[in-house]
Structures are given as structure tokens and as C-alpha cells.
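To keep things clear, I will list the structure first and then write my remarks on it.
The values are calculated or read from the model by the stated rules, or taken from the named source; none is laboratory data. A quick note: this is a predicted structure, and the numbers were derived from the prediction, not measured. No Cβ is skipped: glycine too gets one built from the backbone with ideal geometry, and neighbour counts run over all protein chains shown.
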Amino acid sequence: MSGALAGRRVVVSAGPTYEDIDPVRFIGNRSSGKMGFALAAAAAARGAEVVLIAGPVHLPAPDGVRRIDVRSAAQMREAVLAALPAEVYIGAAAVADYAPRSVAPGKMKKTGATLVLELVRTPDILAGVAIHPQRPKLVVGFAAETDDVERYARGKLVDKKLDMIAANRVGVPGSGFECDDNALSVYWPGGARELGPAPKTVLAEALLDLVDTRLQVHRSA
Ligand code: CTP
């Protein structure tokens, strides 16, 4: 097995998170998990030891991957941090930014004409990994943007102290959530590359080629 990933641990988070409101309701999002699962499968095929932390998705585990199923952002964070140390972390999950302050123990009954839910910010898993004492050599994020893709993505690259970020435009047909195809704009300090439109399996290979190159740059620095 050749390549910078062979024999190294790669942690990938994928899919949505569900934040429970009561025993029958939750706040979720439309992430299918396909991009993260494709990355996990491609990294395993390159000989990496892959830990895939999956939110609630209907996808089979790729061959040769250790899969850990989680539900909430808090559970995902715990599982990701427990999977360190690693050579690479790829945060491909669509983590909820806010979760209900508390989970009602019983089903909430309808009473008034309106209902106000209090939400609190979830911790940023990706930013936490990037400043962790066991920081992976390469921390790669995703950014879902509707407009001003490069400005927002590069902002996240700097703010979250990442090595690379893959931005996808959401809200346009043929790209993003719930799709087999996607197009990514990938940014790193001093560089950029457009990938696709292409099937997510093809994009996963192309993104791992960039990860491989950046890893080699880091190792020789
Ligand atoms: N992310 C994370 N933990 C969170 C929120 C986001 O790890 N609580 C990660 C995602 O996995 C992704 C990256 O941060 O790799 C960017 O997610 P995105 O939703 O595009 O950005 P946000 O940081 O949530 O910012 P905003 O929603 O304001 O655009």
C-alpha cells in the first residue's frame, strides 16, 4: 500500500446530528452522510485505519472501517475526541449548531398557539479538534454555504485553525445535501482547487489526493 495515508489513522465524521426535544421529536438536518461515507471508504481502500463517526443515516458501513454510531452533537464530539490521536481528521458531518437547552422527559402536549424553544450553542467539534493537545497533523473541515463561498470558507479555515476546507454550495440543484453528485471548492493556506461536479465517490478520491499532498508537505516541513 503506498500513499501518505497507508497505515495511519483517519477519523471521519459524517451525517447529521439529531438534537432531541422530547421522546418523539428532534431537530435535525438533511445531510445524507454520503460524502463522509465515501471519504471513509476511499481512505480505507488506501490502507488507512479509518474510524467513521456516523450520525443517524441509512447507509451501510464501508468495508474495513470501524464505525461508531452517534445521535447528538454532544455524542459526536465525545466519540471524535475518543478516537484521537489520529493523523487526519475530516469533519464532514452537518453538526447541529444549536440544541434544545433541555430534553422534555415526556411528550410535550400542545397548549398555546405558539411555542418557544430555547436553544443553546453546541460546541464546535472541528475547532476543538484543531486546538486539541493530540491535534491530528491535518484537520480538514467542510463548509456549507449559499453565497460568498470563498470568503466564508476561508474565514472558517482561519477561525477554526484548519489545514484545509472543502466548501460546497448548498441550495442549488445538483449539489450538496441529499445528492449523489456535488462540487467542492477546496481551500488551504496559499492554495485552492475546484473539484467536480462529480459523484461523491469521485470527489472523495480527489479530496484524498489533496489530503495526501498536504500531508507530505507537512511531513517534509
Ligand atoms: N462543525 C463542527 N461542530 C459544530 C458545527 C460545525 O464540527 N458544532 C463543523 C462541520 O463538521 C464542518 C464545519 O464545522 O466541517 C463547518 O460547518 P458549517 O455548518 O459550514 O459552518 P458553521 O461553523 O456551523 O458556521 P455557519 O453555520 O455560521 O455557517
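Note down all Cβ pairs under 6 Å where the first residue falls in segment 4-17 and is at positive phi, the second is crowded, with 20+ Cβ neighbours inside 10 Å and part of a strand (DSSP E or B), and they're at least six residues apart or on different chains.
That search, which allows pairs on different chains as well, returns GLY15/ALA54.
Quick check on my filter: what residues within segment 200-221 are within 18 Å of the chain's Cα centre (by Cα) and among the hydroxyl-bearing types (Ser, Thr, Tyr)?
THR201, the sole residue that qualifies.
Being among the aliphatic types (A, V, I, L, M) and either under 15 Å from the mean Cα position of the chain (by Cα) or surrounded by fewer than 18 Cβ atoms within 10 Å (Cβ to Cβ) (or both) is the filter here, so list the residues in segment 60-80 that pass it.
ALA61, ILE68, VAL70, ALA73, ALA74, MET76, ALA79, VAL80
Just wondering, is there one or more residues in segment 14-24 that are surrounded by 17 or more Cβ atoms within 10 Å (Cβ to Cβ), within 14 Å of the chain's Cα centre (by Cα) and hydrophobic (A, V, I, L, M, F, W, C)?
Among the residues of segment 14-24, at least one is surrounded by 17 or more Cβ atoms within 10 Å (Cβ to Cβ), within 14 Å of the chain's Cα centre (by Cα) and hydrophobic (A, V, I, L, M, F, W, C), which makes the answer yes.
Can you pull out every residue in segment 114-167 that is over 16 Å from GLY91 (Cβ atoms), touching a residue at least 24 places away in the same chain (Cβ under 8 Å), within 11 Å of the ligand (Cβ to nearest atom) and not in a helix (DSSP H, G or I)?
Selection gives ARG121, THR146.
Residues in segment 176-198: is at least one over 30 Å from ALA4 (Cα atoms), without any contact (Cβ under 8 Å) to a residue 40 or more places away in the chain and either surrounded by fewer than 16 Cβ atoms within 10 Å (Cβ to Cβ) or within 16 Å of the chain's Cα centre (by Cα) (or both)?
No, every residue in segment 176-198 fails to be over 30 Å from ALA4 (Cα atoms), without any contact (Cβ under 8 Å) to a residue 40 or more places away in the chain and either surrounded by fewer than 16 Cβ atoms within 10 Å (Cβ to Cβ) or within 16 Å of the chain's Cα centre (by Cα) (or both).
Only one of (1) buried (at least 20 other Cβ atoms within 10 Å of the Cβ); (2) at pLDDT 95 or above fails for ASN168. Which number is that?
(2)
Need a quick list: strands (runs of 3 or more DSSP E) entirely within segment 18-111 having at least 1 residues that are free of Cβ contacts under 8 Å to residues at least 24 places away in the same chain, basic (Lys, Arg) and away from the ligand (no atom under 16 Å from the Cβ).
65-69
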